[in-house]
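Notes follow once the structure below has been shown.
Coordinate-derived values only; no laboratory data. What you see is a predicted model, and the numbers here were worked out from it, not measured in a lab. Cβ atoms come from the backbone with ideal geometry, glycine included; neighbour counts cover every protein chain shown.
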Amino acid sequence: MEPKRTILVVDDVAMFRELGALFLARSGRVVTASGTEQALEVARHERPDLIVTDLHMPEPDGEALCRAVKRDPDLHDTPVIVVMGADDSKGRARAVRAGADDLLCKPISRLQLIDAVNRLLRAQMRGLPRIEIAEPVRILAHQTEAWGMVRNLSRGGLFVETECSLAPAAEVDLHFSLPEAAGEIEPTAQVIWRRERSSDPGGSGGMGMRFLEVDGVTVRRLEDFVFEHSRLSELRSGAAR
């Protein structure tokens, strides 16, 4: 039998620690901490397989905890999920820059939390669910404008096929639409990796980006759109077998 995974839940509010522990009881052995300093002590002793932390705690907050984990030579591979308010676009950007592996918005549902935790506990499924699309995108960086095509999309980021080449960590403003949906999506994003154009057919260059500042309404639109279309893709794949 596979040993139970250890999950560290961090929140300064006891009720939320208890709720998180209750939600995740079947996903692993849950330990808790009430703040960043205690969480680091627990993490170095327990070596958890995953950490779930609230962003807004008394200083040092969840951002500081995430940064400390990612810089610790013994803990840096530990996935960190950061929980925040739905309309906290600035907080979202802080968590992404700190190295968070996933971000969840309050009010958080039991199923949403369990799904995110179980996915990150399976090493082969660390990436967020993605769908393929083909939508034009405008890229604004340092008063420079470029265009590209969004080729795949998750609730946390996208891949843009473009002639524009920016260094990893560069931050941009994006303007694009979801297929068959009204209104533009205008997040800020950070370049995570870059793919150079190759001589192979279809070997277009582009950039993988992670969303930084995104308002709460847009986060929900992205989550609903990706969830709906990824489920449709799974059903079609199953029917084709």
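Take 106-114, 211-219, 130-138 and order them by the average number of nearby Cβ atoms within 10 Å per residue, most first; the result is 211-219, 130-138, 106-114. Helix 62-71 and the long axis of the chain differ in direction by around 80°, with both axes built from C-alpha atoms. DSSP bridge analysis restricted to the stretch 85-225 gives an antiparallel fraction near 95%, rounded to the nearest 5. Decide, for the stretch 6-125, between rounded, prolate and oblate: order the square roots of the alpha carbon gyration tensor eigenvalues as a ≥ b ≥ c, take rounded if a/c falls under 1.5, and otherwise choose prolate if a/b is larger than b/c, else oblate. Rounded is the answer for the stretch 6-125, as its axis ratio a/c remains below 1.5. Starting from the Cα gyration tensor of the stretch 131-236, take the square roots of the eigenvalues, sort them a ≥ b ≥ c, and report rounded, prolate or oblate (rounded when a/c is under 1.5, otherwise prolate if a/b is larger than b/c, else oblate). It comes out oblate by the Cα gyration axes.
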